[in-house]
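These notes are about the structure you will find just below.
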Amino acid sequence: MILGRSFEDMCAQMYYRGKMFGFVHLYNGQEAVSTGFIKLLTKSDSVVSTYRDHVHALSKGVSARAVMSELFGKVTGCCRGQGGSMHMFSKEHNMLGGFAFIGEGIPVATGAAFTSKYKREVLKQDCDDVTVAFFGDGTCNNGQFYECLNIAALYKLPIIFVVENNLWAIGMSHLRSTSDPEIWKKGPAFGMPGVHVDGMDVLKVREVAKEAVTRARRGEGPTLVECETYRFRGHSLADPDELRDAAEKAKYAARDPITALKKYLIENKLANEGELKTIEKKIDDLVEEAVEFADASPQPGRSQLLENVFADPKGFGIGPDGRYRCEDPKFTEGTAQV
Ligand SMILES: Cc1ncc(C[n+]2csc(CCOP(=O)(O)OP(=O)(O)O)c2C)c(N)n1
Ligand SMILES: [Mg+2]
């Protein structure tokens with residue numbers, strides 16, 4: 001959670017210094033959801049995110065260097081600088097994106113879950129992989145959400161649909177945009193469990209996640225989990241965040257998931273102030289180093305412009321082994337595959 005927070009704060013600084021391009025959406029405040037779920041997964045499990053995807057990628061094990069370089073549009077980024085903020089992807093980590101269109105990732109996640117089931121049942125492989133799809137409250141008013149709940153329940157797919165209900169979709173209040181604001185209830189409507197959890201409490205999220213992941217691994221099908229959370233910044237770094245009520249912001253700021261966990265650790269004598277400070281310092285250094293790495297990394301060559309846009313009859317270098325070509329041995333981080 002500290003890595004996610006510190007990384008995002010650094011992104012804000014770098015964005016305003018002109019190091020990043022396009023829209024950048026930060027995850028501050030929602031860290032307990034990403035950590036609570038993804039830290040239970042194995043490497044071969046899949047994660048699908050939205051445009052608010054940096055922290056999901058970090059939680060899934062993509063390095064801070066590779067995410068920061070991607071944001072800087074550098075060749076060492078996890079997508080060789082071709083994706084940018086909203087398109088974090090890493091085949092190696094089964095981080096399946098990063099999607100800018102809302103709801104677009106949900107069918108991709110459903111397809112990944114179908115792959116796991118197909119491997120197990122048809123190809124008779126030893127596969128108990130699960131997929132976790134993260135998306136927002138506003139996205140639950142889109143059609144793909146319902147279509148995917150239906151097929152996932154019908155086929156008992158190993159998937160967990162995780163709604164990060166931060167109460168807002170840009171400037172539209174959740175309460176004004178949906179017929180029934182209790183999203184978790186839509187699970188039982190499709191024949192799967194629906195759970196509501198305090199998304200500001202990482203231990204509670206982890207408990208719910210454990211049950212849903214275990215259920216999916218056992219082949220018992222999907223779960224819909226609604227995590228009530230809050231974003232501590234504007235919708236994107238281009239949003240001055242003037243629409244939300246100050247009292248509402250203050251209410252959730254007082255429930256900061258990181259502050260709450262620190263308090264829990266200290267009160268239960270699981271860690272002391274000094275140990276927690278050491279973790280913070282270590283993470284700050286790691287994020288600083290990621291910025292230096294990204295800044296010093298080369299821009300993609302012009303030949304990369306057409307890669308992954310069309311099929312590759314002319315040998316631009318795409319294909320299963322299309323790793324970035326960088327002469328400088330210092331930059332060994334980018335292992336993005338096409
Ligand atoms: C298909 C589609 N329609 C509209 C948009 C514009 N849009 C970008 S973010 C957003 C709100 C999404 O809110 P929510 O799902 O609650 O996610 P949050 O930003 O709160 O994480 C919308 C409507 C889009 N990106 N894609
Ligand atoms: Mg939202």
Taking the stretch 200-237 and the residues there that are in a loop (DSSP other than H, G, I, E, B), of a type outside the set (D, E, K, R) and in contact with a helix residue (DSSP H, G or I) (Cβ under 8 Å, 6 or more places away or on another chain), the one that is surrounded by the fewest Cβ atoms within 10 Å (Cβ to Cβ) would be Gly219
Among residues of the stretch 86-105 being over 12 Å from the mean Cα position of the chain (by Cα) and within 16 Å of ligand 2 (Cβ to nearest atom), the residue least open to solvent (accessible area, probe 1.4 Å) is Gly103
Any residue at all in the stretch 25-33 that is away from ligand 2 (no atom under 16 Å from the Cβ) and in contact with a helix residue (DSSP H, G or I) (Cβ under 8 Å, 6 or more places away or on another chain)?
no
Any idea which residue in the stretch 37-50 is most open to solvent (accessible area, probe 1.4 Å), counting only those that are out of contact with any strand residue (DSSP E or B) (no Cβ under 8 Å at 6 or more places or on another chain) and touching a residue at least 60 places away in the same chain (Cβ under 8 Å)?
Lys39
Among the residues of the stretch 106-116, is there at least one that is open to solvent by less than 10 Å² (accessible area, probe 1.4 Å), in contact with a helix residue (DSSP H, G or I) (Cβ under 6 Å, 6 or more places away or on another chain), more than 26 Å from Pro300 (Cα to Cα) and within 16 Å of ligand 2 (Cβ to nearest atom)?
yes
I'm checking my understanding of the structure. Among residues of the stretch 163-193 that are within 24 Å of Leu237 (Cα to Cα) and in contact with a helix residue (DSSP H, G or I) (Cβ under 7 Å, 6 or more places away or on another chain), which one is nearest to ligand 1 (Cβ to nearest atom)?
Ala169
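Going by what's in this entry, would Val62 be described as part of a loop (DSSP other than H, G, I, E, B) and either without any contact (Cβ under 8 Å) to a residue 40 or more places away in the chain or of a type in the set (Phe, Trp, Tyr) (or both)?
Taking the combined requirement at face value, the residue satisfies it.
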Would you tally the residues in the stretch 253-274 being in a loop (DSSP other than H, G, I, E, B), open to solvent by less than 60 Å² (accessible area, probe 1.4 Å) and without any contact (Cβ under 8 Å) to a residue 24 or more places away in the chain?
1
It is to be established whether one or more residues within the stretch 122-137 are more than 13 Å from ligand 1 (Cβ to nearest atom), of a type in the set (Ser, Thr, Tyr) and part of a strand (DSSP E or B).
yes
So how many residues does the stretch 120-143 have that are away from ligand 2 (no atom under 16 Å from the Cβ) and over 17 Å from the mean Cα position of the chain (by Cα)?
11
Write out, first by first residue and then by second, each pair whose Cβ atoms fall under 7 Å of each other, whose residues are 6+ apart or on separate chains, and whose first residue, in the stretch 167-188, is part of a loop (DSSP other than H, G, I, E, B) while the second is modelled with pLDDT of 95 or more and surrounded by fewer than 13 Cβ atoms within 10 Å (Cβ to Cβ).
Pro181/Leu175
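Taking Gly83, is it open to solvent by 10 Å² or more (accessible area, probe 1.4 Å) and either modelled with pLDDT under 95 or assigned to a loop (DSSP other than H, G, I, E, B) (or both)?
Yes: the conditions hold for Gly83.
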When you check Pro240 against the structure, is it without any contact (Cβ under 8 Å) to a residue 40 or more places away in the chain, in a loop (DSSP other than H, G, I, E, B) and within 13 Å of ligand 1 (Cβ to nearest atom), yes or no?
no
Residue selected from the stretch 7-27 under the condition of a type outside the set (A, V, I, L, M) and crowded, with 20+ Cβ neighbours inside 10 Å, by the criterion nearest to the chain's Cα centre (by Cα)
Tyr27
Which ones in the stretch 133-167 are crowded, with 20+ Cβ neighbours inside 10 Å and of a type in the set (Phe, Trp, Tyr)?
Phe134, Phe135, Phe145, Phe161
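The values are calculated or read from the model by the stated rules, or taken from the named source; none is laboratory data. Keep in mind it's a predicted model, so treat the numbers as computed, not measured. Here the Cβ is made from the backbone with ideal geometry for all residues, glycine too, and neighbour counts use every protein chain on show. These area figures cover heavy atoms from the full protein model, side chains too; ligands, DNA and RNA do not enter into them. Shrake-Rupley method; radii C 1.70, N 1.55, O 1.52, S 1.80 Å.
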